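Below: the structure, in structure tokens.
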Amino acid sequence: MSKYSQDEYAMALKQLMPKGIIWGDRNSIQYRLLMSIAKSFQRIDDEAINLITSAFPGSSITFLDEWEKSLGLPDSCSFGEKQTYQDRLLAVFLKFISIGGQSKSYFTELASALSKVIKIKEFRQARCGLSRAGDRIYGEEWPFVWQVLGLNDNRQFAKAGMSRCGDPLMTHGNSTIECRLDKYSPSHTILQFIYD
């Protein structure tokens, strides 16, 4: 939305015109011409604001296809399912901000970017002096296993202004977060998803 209205642009243009009685008539051809020029200024202002907004991938409306091409999307987490406009926008945003990491905090932040609150549980091998009576006995491979807790069946409904023609009215499941976390998880680890 433009910062200035068409009338404000017209008044600014009128200030540049010569002064006098003949120049002040609102019904004159000159005034109508100034109003049409002011409308063009307002439209250009709106387009400039849209361009600035679209320059950042998280809010891009105009350049979504270009952002997808430059970031290599759709990727393996995008194929096999019908993606809504919101899903595509979120995938671009996540790919743009992803810097990589192997810590619990990195993966919880990645999930929070997907609007999910998760907890990560890690395991350790049973060892003498560390394990107590009643503790589970995990084998040698368990230090490489981690569980993602707190996921529930994700149901997304179409939203006015955000959904496009052809988008499904509702989607469900958490294949997006499973794929993203699995894709960025260290290759030597085993990832498990526990749903509530």
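Below, the figures for the structure above:
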{"item": "Matching option when the condition is assigned by TED's automatic domain parsing to the domain that holds residue 182, under 14 Å from the mean Cα position of the chain (by Cα) and among the aromatic types (Phe, Trp, Tyr), among 96, 107, 123", "result": "96"}
{"item": "Positions within the range 145-194 being surrounded by fewer than 13 Cβ atoms within 10 Å (Cβ to Cβ), within 25 Å of residue 100 (Cα to Cα) and of a type in the set (Phe, Trp, Tyr), in sequence order", "result": "none"}
{"item": "Residue satisfying condition, being without any contact (Cβ under 8 Å) to a residue 12 or more places away in the chain and either touching an Asp or Glu at 6+ places or on another chain (Cβ under 9 Å) or outside any loop (DSSP other than H, G, I, E, B) (or both), within set 131, 70, 115", "result": "70"}
{"item": "Complete set of residues in the range 73-89 that are assigned to a helix (DSSP H, G or I) and either without any contact (Cβ under 8 Å) to a residue 60 or more places away in the chain or not assigned by TED's automatic domain parsing to the domain that holds residue 176 (or both)", "result": "88, 89"}
{"item": "Residue match in the range 17-24 (condition: touching a residue at least 12 places away in the same chain (Cβ under 8 Å) and either assigned to a helix (DSSP H, G or I) or not acidic (Asp, Glu) (or both))", "result": "yes"}
{"item": "Per-region count, the range 126-156, residues at pLDDT below 80, of a type in the set (Asp, Glu) and more than 22 Å from the chain's Cα centre (by Cα)", "result": "1"}
{"item": "Long-range neighbours under 7 Å by Cβ, at least six apart or interchain, first residue assigned by TED's automatic domain parsing to the domain that holds residue 11 within the range 26-40, second polar (S, T, N, Q)", "result": "35/6; 38/6; 39/6"}
{"item": "Residues located in the range 102-112, provided they are part of a loop (DSSP other than H, G, I, E, B) and touching a residue at least 24 places away in the same chain (Cβ under 8 Å)", "result": "102"}
{"item": "Among residues of the range 134-143, those that are assigned to a loop (DSSP other than H, G, I, E, B) and touching a Lys or Arg at 6+ places or on another chain (Cβ under 9 Å), counted", "result": "1"}
{"item": "Residue within the range 168-177 that is closer than 23 Å to residue 56 by Cα and in a helix (DSSP H, G or I) present", "result": "yes"}
{"item": "Scope the range 98-116; condition in contact with a strand residue (DSSP E or B) (Cβ under 8 Å, 6 or more places away or on another chain), hydrophobic (A, V, I, L, M, F, W, C) and more than 16 Å from residue 188 (Cβ to Cβ); matching residues", "result": "111"}
{"item": "Those residues of the range 47-67 which are under 20 Å from residue 113 (Cβ atoms), part of a helix (DSSP H, G or I) and at pLDDT below 85, in sequence order", "result": "53, 54, 57, 58, 59"}
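The values are calculated or read from the model by the stated rules, or taken from the named source; none is laboratory data. Predicted model only: the values in this text are computed from it and were never measured. Please note: Cβ atoms are built from the backbone with ideal geometry, for glycine as well, and neighbour counts cover all protein chains shown.
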